[in-house]
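**Student:** This is the structure, below, for whatever I ask next.
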Amino acid sequence: MNFEMTPRQLELIETAREAYARKLEPLAGDRSVEGTWKLRKAMAEQGFLGLNMPTDLGGVGLPLLDTLMVIQTLHACSSAVGSLAHRTSTGACGAIEAYGTPEQREKYIRGICSGELGISIGITEPEAGSAATAMRTRAEIDGDEVVINGSKQFVSSINTNDYTVVYCRFGTTGRSSDIGAVIVPHDAPGFSRSNGTINMADELLFELYFDECRVPKSNILLDGSAFGKLISVYNAERLGSISRLLGAAQAAYEYALAYSKERHQFNRPISDFQGIQWMLAEMRIKLDAAQLLVYRAAATAGATGLPEPLETSIAKVFTAKAAKEICDDAIQILGANGYTKEYPLVHRYAEVRGGSIYGGTLQIHKNMIAAKILDRPISQWKKD
Ligand SMILES: Cc1cc2nc3c(=O)[nH]c(=O)nc-3n(C[C@H](O)[C@H](O)[C@H](O)COP(=O)(O)OP(=O)(O)OC[C@H]3O[C@@H](n4cnc5c(N)ncnc54)[C@H](O)[C@@H]3O)c2cc1C
């Protein structure tokens, strides 16, 4: 066991910080659709898209652990940059890379890595949130096409992406074995979306509607019996989003630490006060512990790139809670300044708050941890 980063990992982190400062920072503040595409292209040029995607498809080819380190570093610089690094690396592309046909991999993975394409994931439905396998959206094969009917909600980044990997049912048994996935272009006939609902972190989440939506059969990623497969890849997606939480918490901690040395009260820097020192100490303990759990979960992925579910859930629960507490303490250290939107901590708190909900809520992850350690069935379904 070695807790030192390798020289290569240290270099990757330094390169990411430098490239952010030189090339990306001027673009990171523009959250418009056009601004997001410009940022995406600039990130592609700097080699920050498709971090763990294969080099023969235009990716950077990093192992999962190194990918997460870069996502964390970029997210600490800017949540817009970190989010794009995550979504184009361990996001929807993970399932396409793992299960796509050679044509799908060539088109979508290469497109994502070059900054030409963006892909969302559509799983959640009005009646299928935590109980994801209750999804009703149906896909039926009709000749050379697949016809989709149903809806999704709370889907991220639809306005800045071109496709969604839509989880849907290919059968009518009502079991999870019906579930597969289709890559749906946002200009497909029968596809429409809402204008988006603004969440606490000022991001838009969208409803998607499929009304006899027709796409070529070649867009089917997996046609049933696939929920387990999709979720095993989704664990890498989860670690990507957890690394964003780590980056946000790291930025909040560093901001508060610097502020505590500058801000004077009672004729001394507030870092002189033990009440502040203990908050900073707790923040650092939580940050280090969360980081070690995330890195441990990533290390379980080995050559497959698929992390173990137990270690992923443990890392998720600890990091999501730690990140909220770290950002909350950072706001406290800045006093009223921390509570205003003039300072970055309100946004950092708002974005990490979502981490307890998306990618499986903390309660669902605790259910999964408990099922594993007690060797009990994981199903939460009420039996009649
Ligand atoms: C910022 C953000 C981005 C998102 N992006 C996407 C996206 O891109 N694509 C997508 O498909 N979805 C996305 N989601 C949706 C997300 O996956 C769901 O919100 C999540 O799965 C929870 O579902 P729900 O909101 O319907 O909550 P519900 O399932 O209604 O849960 C409500 C409460 O009940 C608890 N609960 C439910 N079941 C149990 C149980 N068995 N034991 C204990 N407690 C339980 C939950 O933990 C929660 O506290 C996003 C959500 C957020 C906040």
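**Student:** When N is the residue count of the range 207-269, what does its C-alpha Rg come to as a fraction of 2.2 N^0.38 Å?
**Tutor:** Against the compact-globule rule of thumb, the ratio is 2.21.
**Student:** Using only Cα atoms and rounding to the nearest 10 degrees, what angle (0 to 90) does helix 33-46 make with the longest principal axis of the chain?
**Tutor:** 80 degrees
**Student:** Right, here's the next one. May I ask for the distance between the Cα centers of the range 1-71 and the range 194-240, given as a whole number of Å?
**Tutor:** Measuring centre to centre over Cα atoms gives 24 Å.
**Student:** Principal axis extents for the range 96-168, Cα atoms only, whole Å, descending order, please.
**Tutor:** Largest first, the range 96-168 extends 36, 31, 21 Å along its Cα principal axes.
**Student:** Identify which of Ala252, Ala95, Ala21 has the largest mean-square fluctuation in a Gaussian network model of the chain, with springs joining Cα atoms closer than 10 Å.
**Tutor:** Top of the fluctuation ranking is Ala21.
**Student:** What are the lysines whose alpha-carbon lies under 29 Å from the alpha-carbon of Lys229, with same-chain residues fewer than 8 places away excluded?
**Tutor:** Correct list for Lys229: Lys107, Lys152, Lys217, Lys316, Lys321, Lys366, Lys372, Lys382, Lys383.
**Student:** Choose one answer from Ser89, Ser130, Ser79: the residue with the largest mean-square fluctuation in a GNM of the chain with alpha-carbon springs under 10 Å.
**Tutor:** Maximum fluctuation in the GNM of the chain, among the listed residues, is at Ser130.
**Student:** In a GNM of the chain with a 10 Å cut-off on Cα contacts, which of Asn161, Asn52, Asn267 has the highest mean-square fluctuation?
**Tutor:** Top of the fluctuation ranking is Asn267.
**Student:** Using Cα-only point scatterers and the Debye equation, what is log10 of I(q)/I(0) for the range 7-113 at each q in 0.11, 0.16, 0.21 Å⁻¹, rounded to two decimals?
**Tutor:** With no solvent term, the Cα-only Debye profile gives -0.31, -0.65, -1.06.
**Student:** Using the Cβ atoms and a cut-off under 12 Å, what net charge is assigned to the surroundings of Pro54, where Lys and Arg are +1 and Asp and Glu are -1?
**Tutor:** Overall, the nearby charge balance is -1.
**Student:** Continuing with this model, one more query. Just for the Cα atoms in the chain, what are the lengths along the principal axes, largest first, rounded to whole Å?
**Tutor:** Over the chain, Cα extents along the principal axes are 78, 51, 43 Å.
**Student:** If we count every other residue with Cβ under 11 angstrom of Glu207's Cβ, Lys/Arg +1 and Asp/Glu -1, where does the sum land?
**Tutor:** Working: positive: Lys152, Arg193; negative: Glu125.
With Lys, Arg at +1 and Asp, Glu at -1, the neighbours total +1.
**Student:** Using 7 Å Cα-to-Cβ label points, what is the Ala201/His186 separation (nm, one decimal)?
**Tutor:** 1.9 nm
**Student:** Quick check: from the Cα gyration tensor, does the range 119-225 come out rounded (a/c under 1.5), prolate or oblate?
**Tutor:** Taking the square roots of the gyration eigenvalues as a ≥ b ≥ c, the range 119-225 is oblate.
**Student:** Where does the chain land at 222 nm, in deg cm²/dmol rounded to the nearest 500, when only DSSP H runs of n ≥ 4 count, each adding -39500 (n - 2.57), divided by all residues?
**Tutor:** -15000 deg cm²/dmol
Here, each number is a calculation from the coordinates, and none is a lab measurement. These numbers were taken from a predicted model, which means no experiment stands behind them. A quick note on method: Cβ atoms are made from the backbone with ideal geometry, for glycine too, and the neighbour counts reach across all protein chains shown.
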